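Asks: Below are the structure tokens for one structure; questions will follow.
Where a number appears in this text, it was derived from the coordinates with a stated rule and is not lab data. Nothing here was measured: the structure is a model prediction, and the numbers come from that model. Methodologically, a virtual Cβ is constructed for each residue, glycine included, from the backbone with ideal geometry; neighbour enumeration extends over all protein chains shown.
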Amino acid sequence: MAGPHRLRPEDRADFEAVLHLALSTADIRAALLADPTGQAARHLRTHALEAADEITAESGDSYDAYRAVRSSAPHGPEHPPSKATLLSALSVLTPLVAATSAAILLLLGYVLQLAEISGSLPASLVTAGWVLALIAAVSTLTALTALLRTALQQRGGVPSADRLEQARITWQQALLDRGMLPHLRRRISEDPLLRAALPKPSPAGPDDTVRHIP
């Protein structure tokens, strides 16, 4: 179940923040007070961290939506800027370098031919120049095609920071409501010491709402 929705390393801090919030909700906090040593709270937190993928899977749809918005944002974690920068630089530099080299080789080759220089050097320079000219033309066409494809893919516009943050908060709320709280309550109900102190769950109130997590 957790396979397709494994928690990504960059989202670990958000997961731990939601866990901290869940442990602070009224019913769970009241149940944990039944163990004055604090060991139950530590064990509960440790088990939740170990089951991070399973808990995250319960918010799979919201998590997928958040990651999709984040991946389409500039320099999102799922599209490293170093790779994008390298590809962009190559797409611009390759046609430029090839065209410049072709012009130089063709000029030298034809000048040597006009000067009636003997040997195969003039013809070799002209041939190399035309090969580089062909490379420049092909690489230019490829770069233009890539730019057109990128423009078509981004017709909807780059997601704003507000849209990204809203997707993040929506996932955090789903993680809390559908994954974290049911998991913690289930674990508490399985503990004989804490089960008796677990109050009857009440409708979600302010304590169960995800606040902004930096």
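Asks: Count the net charge of all other residues whose Cβ sits under 15 Å from the Cβ of I55, scoring Lys and Arg as +1 and Asp and Glu as -1.
Replies: -1
Asks: Give me Y66, Y110 ranked fewest to most by other Cβ atoms within 10 Å of their Cβ, as a rough exposure proxy.
Replies: If I rank by nearby Cβ atoms, fewest first, I get Y110, Y66.
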